[in-house]
Amino acid sequence: MNRSHTALGFALLCASCATPAPHPAAPEPTPKPNTPQLSAEPPVAGAATPSPLVVTIVVDQFAAWLASERLPKLPASGGFARLLREGTYVKELRYAHAITDTAPGHAALFTGAPPSVHGVFANQRVDRDSGAIVSITRDPTAKLVTASGVGSGPSASTRGLLAEPVADRLRATHPDALIVALSMKDRGAIFGAGRHPTACLWFDSKVSDFVSSDAFATGLPGWALGGSNAVRPKHTPSWQLGDGAWIQAHTNVPDAAPGEGALGGLTQSFPHAIQGADHPGLAFSVSPYGDEAVVDLAIAALGALPFGKQPGLLALSLSSTDYVGHVYGPDAWEWWDNFRRLDRELARLFEALDARVGAEGYAVVLSADHGTGVLPETRALTGARPWCTGSEPDHFERPCDDGGRIHLDRLVPGLEAAAKRSVGPGRWVLTAANPYVYLTRAALALPDSQRTRLTHALTAELERHPGIEAVIARPTEPCPPPEDESLAALVCRSFSPDAGELYVVSRPGWYLETGYVPGFGVNHGSHRLHDRSVPLLARAPGRIAASRVVTPPQSFAMFAQTVSRLLEIDAPKQAYAAPSALELR
């Protein structure tokens, strides 16, 4: 059965439109044809020291627990194994906020600050006048830029970003710097790009190609236009299973396991049509080929721009792991196949960098914007939750009990009824957008005593839901210092001025419904360590130690601090202090 929910999934994917031991390698595929061949320029005697090139890679939805358990299963020939050999592996970066979603996570990585400081409090925000839920990056004054030129609006920009990102600090320090940010998501590209990038591109599933915004440029760069061999939906017939034997050897669930979804005309088992899907651009996004397309663009940029001669930041956000994880879950055959392909794409990217600037001419800092949980249905599958069999509590706080999905929007009518019983006739609840409940302007104008009564009534109504653990109102006092990891502190740092008034905290194993395929798939977004902890792998020959592992948890701000030091610039102004465990030289 094709359990698709194409319209809602389309909106979510296009929110801004209008040292582990190596294991034996499984058979490798034929190298990707027509990969640009880049020639390294030989050093010139007496030439100045090359300008730093730092490549940041954010693997969307790549939890620390996934990295710890699954990186050792990849072949020695892959990109992850190379990073482990040539760099330092920090096993756990911890975010200081509870709203562990894509936009807040990317903004936190590149500013070194939490949402309460950088202002990006969720993937979506609510228009207070209309009640419409829109992308957090939506800018009504910006227009979409495609291969045809400037089109209509609205598009996306950094308008909601209140803090300085690394890219802006780099631009202020080196006006000639090259800053290129690429992703399948606008919210994956924009915060790495900053306000004045050389190029900022993301994939638009309606256009079925990469686009930008006139907030950044009035046209797409020539290297981004692609040729006949560019990876795009029209050139990608289907997603076929790769090495099935390798996948079966590593996963604990069958193909098409209970709880897996199907989006955009795809199915719950291989193969997954792309050209023949209801919406090819949507199906393309929920496949490994999105990452391949981003790497293609990165290699094209390396070939066209003078990286190495000018300070450079190449910021890549690889979204396929997130899309595949949301729909199928992190144990699915699709997740493992995507993971193996991602590993190969990283290797291909590093080979292109070697050819362009030399193996010692660039640094890489790889992390993730958030982690993930597991499908509620896996509790019934033998061996699917090995952390539940031991006597000790799971370090990453992964669930062992029954769980489910919370459709927060479906609770709004009940909340409105409770509000009327509390403070009388009127419209008091505007809407709900994960994980916040928004009040109307009339509710916000109530006298303090009535507002308090209303808040208590709404809290009691929400906590009747079996999946809701707590409801926390907008704080009125400054947030605690960064070292405080209590729930109250984490939620406090998740609020910014445009966020809702009530923050909904789910119980272990329960997730706020993603909307991709309602009733199926998995979400992240909680304060627990399976969502809040991510890995960091960094290599910089001569500056970062090779084959080193750091086990104690570190601050998420290490990402921005490390990237800044490698670029030889000051860290962003609002970045948290983060003593480096990388021992940079």
Count, please, the residues in the stretch 171-198 that happen to be within 20 Å of residue 148 (Cα to Cα) and surrounded by fewer than 24 Cβ atoms within 10 Å (Cβ to Cβ).
1
Go through the stretch 201-217 and give me each residue that's outside any loop (DSSP other than H, G, I, E, B) and either among the hydrophobic types (A, V, I, L, M, F, W, C) or touching a strand residue (DSSP E or B) at 6+ places or on another chain (Cβ under 6 Å) (or both).
201, 202, 203, 204, 210, 211, 212, 213
Considering only the stretch 552-580, state which residues are farther than 16 Å from residue 95 by Cα and not in a helix (DSSP H, G or I).
568, 569, 570, 571, 572, 573
Residues located in the stretch 509-523, provided they are more than 11 Å from residue 328 (Cα to Cα) and not acidic (Asp, Glu)
509, 510, 511, 512, 514, 515, 518, 519
For the stretch 361-405, what are the residues that are surrounded by 18 or more Cβ atoms within 10 Å (Cβ to Cβ) and of a type in the set (S, T, N, Q)?
367, 372, 378
If a residue must be touching a strand residue (DSSP E or B) at 6+ places or on another chain (Cβ under 9 Å), farther than 27 Å from residue 198 by Cα and either hydrophobic (A, V, I, L, M, F, W, C) or outside the structural domain of residue 181 (by TED's automatic domain parsing) (or both), how many such residues does the stretch 278-313 contain?
2
Identify the residue in the stretch 252-272 that is more than 23 Å from the chain's Cα centre (by Cα) and closer than 18 Å to residue 383 by Cα and, among all such residues, is surrounded by the most Cβ atoms within 10 Å (Cβ to Cβ).
253
Does residue 430 count as more than 21 Å from residue 405 (Cβ to Cβ), touching a strand residue (DSSP E or B) at 6+ places or on another chain (Cβ under 8 Å) and part of a strand (DSSP E or B)?
yes
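Yes/no matrix, rows are residues, columns are (1) crowded, with 24+ Cβ neighbours inside 10 Å; (2) more than 19 Å from residue 57 (Cα to Cα):
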{"position": "531", "(1), (2)": "yes, no"}
{"position": "536", "(1), (2)": "yes, no"}
{"position": "554", "(1), (2)": "no, no"}
{"position": "559", "(1), (2)": "yes, no"}
{"position": "571", "(1), (2)": "no, no"}
{"position": "579", "(1), (2)": "no, yes"}
Evaluation of residue 549 against (1) assigned to a loop (DSSP other than H, G, I, E, B); (2) of a type in the set (A, V, I, L, M, F, W, C); (3) surrounded by fewer than 21 Cβ atoms within 10 Å (Cβ to Cβ) (one fails), failing number
(1)
In the list 496, 486, 580, which residue meets the criterion of being assigned by TED's automatic domain parsing to the domain that holds residue 432 and more than 22 Å from the chain's Cα centre (by Cα)?
486
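The values are calculated or read from the model by the stated rules, or taken from the named source; none is laboratory data. Remember, predicted model here, so these are calculated numbers, not experimental data. FYI the Cβ positions are ideal-geometry reconstructions off the backbone, even for glycines, and counts take in every protein chain you see.
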